[in-house]
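Asker: Take this structure, written in structure tokens, and hold onto it; I'll ask about it next.
Quick note: the coordinates plus some simple rules give every number you see, no bench work behind them. Since this is a predicted model, take the numbers as computed values, not measurements. In this analysis, Cβ positions are derived from the backbone assuming ideal geometry, glycine residues included, and neighbour counts consider all displayed protein chains.
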């Protein structure tokens, strides 16, 4: 099934959960990623229950600290 991940068309298995997509795409540090699905930031607690559908748009966001001297 085709979805958009970080702006690129990507094939994933049929009707996966968010956690299944993270595993399938071998996302580095999945416990540190924030997922935006169709413009909404998901609560990490919902990753096992939220299903992905054809054409959905997902963004994987990593927040970095630092910058102070």
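Asker: When N is the residue count of the chain, what does its C-alpha Rg come to as a fraction of 2.2 N^0.38 Å?
Answerer: Working: Rg = 12.6 Å, N = 69, 2.2 N^0.38 = 11.0 Å.
Against the compact-globule rule of thumb, the ratio is 1.15.
Asker: Take every Cα pair under 8 Å in the chain that's 6+ residues apart, average their separations, divide by the length, and report that relative contact order as a whole percent. Intermediate results must be reported in sequence, preceding the final value.
Answerer: Numbers: 92 pairs, mean separation 29.4, N = 69.
It rounds to 43 percent for the chain.
Asker: Counting helices only, and only those DSSP H runs with n ≥ 4, report the 222 nm mean residue ellipticity of the chain as the sum of -39,500 (n - 2.57) divided by its residues, in deg cm²/dmol to the nearest 500. Mind showing how you got there, number by number?
Answerer: Numbers: 1 runs with 7 residues, N = 69.
Result for the chain, helices only: -2500 deg cm²/dmol.
Asker: How many nm is it between the label spots at residue 31 and residue 63, if each spot is 7 Å from the Cα in line with the beta carbon?
Answerer: 1.8
Asker: Between residue 14 and residue 43, how high is the FRET efficiency from 1/(1 + (r/R0)^6) when r is the Cβ-Cβ distance and R₀ = 35 Å? Nearest 0.05.
Answerer: E between residue 14 and residue 43, to the nearest 0.05, is 0.90.
Asker: Give the order of 4, 41 when sorted by the count of other beta carbons within 10 angstrom, beginning with the fewest.
Answerer: Working: 4 14, 41 10.
Sorted ascending by nearby Cβ count, the order is 41, 4.
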